[in-house]
Structures are given as structure tokens and as C-alpha cells.
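As C-alpha cells, the structure follows; a few thoughts come after it.
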Amino acid sequence: MSSSNWLRWLHQPPWLGDCLLCLQPTLCRALLCEHCAASLDYLTTPCPGCGYPLPPGSTGVCGDCLRHPPRWRQMRVIADYQGAWQFLVHQLKYQRQPEIASLLGQLFHQHQAPLSLPQALLPVPMHPWRQWWRGYNQAQELALALGREYRLPVDMRALRRIRATRSQVGLTRTERRQNLHGAFRVRELPWRHVALVDDVITTGSTMESLCQLLRQAGVEEIEVWAICRTQPPQNRLGDSSQAEYDNFRAI
Ligand SMILES: [Zn+2]
Ligand SMILES: [Zn+2]
């Protein structure tokens, strides 16, 4: 090491590795530098029913959730599934980096302070074969990270996926329902108020199926917690038919 590098080492605190986004050394927190952390975009007014953006200053749920109330009491999401968020979730999910769950758990905790917390967190289960293949279930990793942040128990055994299902994306609402039929099992639960945890909410069909099972098992209050929500379909923004939108919409 040259003398100038030694001097730099002496004058700077030891870094925690490189930032996942800009690849510069991080000095304050692992995996994300201060600059990149400050430039992340968060949802400002997501609808508490479906997670889609509401006009600034809105309170309550969107018109669509008023017409078709979701099966959960509240959906908590912090960001759109795009840009840096999409990259971070992708790293968690496909690049064998489960430690990113801790980072995402911290960011969620910084932006969500529920007045009443659920009794337990329930990760969306993955089929055992798929979990074996990937080596971990990213929803479980996230639930464990959120459990540490909020000091909540994580019930890993509450839900089981007993049938592998194909991706829901591109399926109609009816096809999604058929695809998920009989895919999950729930055991008897001591909880009355839970939060289902996943990384990204896409169509919402999985959460809808799980809510139905949890209600049958006697759970009274269900929340949905996820890091990201996919963008609203174009027709939600007002220029296509309601039928097309209903086809996309899962809740
Ligand atoms: Zn950075
Ligand atoms: Zn809504």
C-alpha cells in the first residue's frame, strides 16, 4: 500500500463495503451509500387499499377500493417497482443476496410507523422445491428483517404452498384464480391480527387467496406489507375501458 493510501486509511472511517447502486465505498450503512439512500424515490400517497398512487393530499382509499373493498384491512408499500427499487429487489430475489432483506427492512421501517402493530408477520410461502432450488425464500428473509425492526414474531409455519404455480403475470383474473386454486394450506393459528409479507405486489391475487384462507382460519385483521407495488395499469390512468382494468385488477 502506498503512503497516500495509508494516509487515506487513517483519515477515513473503515467502510462497510461497496454501495450496491453506485459501487462506491459505503461509510454509514451496509450496502447503500448516503447519497444513493437519499436519492431513492418513495410513494408519497399510496392508496391504503391497493397501493396505487392517490392524488397528493388525498385521504382515505381510492374510488376503486370504495367500489370493491379489498380483503385486507390495509396494504403498506413504500415504493414503485422500478429503477433502483427494482434493482434492489431483483438482487434480493435472483442474485442470491438475502442480506439485502435487512436493508429493505430498515427502509420500510423508516417509512412505515403503524399505530397498531399486527401480532405476527406471515411470509408468503414458496413451494418447497422452488425454495430448495433458490436456497431461500425472499419473503421469509424480508419478514425476518421486518420482525427485527418492529420486534414482531415471524410465523414461518402458518402458511404452506402445496402446489407450485406458474407466474400470474399475463393471466386474466379468472385464470389467476384457477392457477392459485388449492395452492396454499393454512394451519390453525393463535393470531387474530397478522401482516402478510412479500417483496413485490403485482396482481394481488396471491394475497387475495391467502386472505381467504386466513379468514377461514379465524384471523380477523389482515394487512399486506411489501416493499414495492408494480405500476398501475395504463387504463387506471383514465384512457382505456374499465373492463380491461377489471381484468388486470385482482382485489
Ligand atoms: Zn451509492
Ligand atoms: Zn385503492
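Here are a few things to note about the model shown:
- Extension gain, residue 173 back to residue 116 (0.36 nm per residue minus Cα-Cα distance, nm): 17.3 nm
- Computed as a quarter of the hull surface, the mean projected area of the alpha carbon convex hull for the chain stands at 16.1 nm².
- Using alpha-carbon coordinates, inclination of helix 205-216 to the longest axis of the chain, degrees: 60 degrees
- Dipole in debye (nearest 20) - the chain, about Cα centre, beta carbon charges: Lys, Arg +1; Asp, Glu -1: 820 debye
- 0 to 90° range, to nearest 10: angle between helix 83-94 axis and the chain longest Cα axis: 80 degrees
- Region 78-139: projected area of the alpha-carbon convex hull, averaged over directions, in nm²: 5.0 nm²
No value in this document is a laboratory result; all are computed from the given coordinates. Keep in mind it's a predicted model, so treat the numbers as computed, not measured. Please note: Cβ atoms are built from the backbone with ideal geometry, for glycine as well, and neighbour counts cover all protein chains shown.
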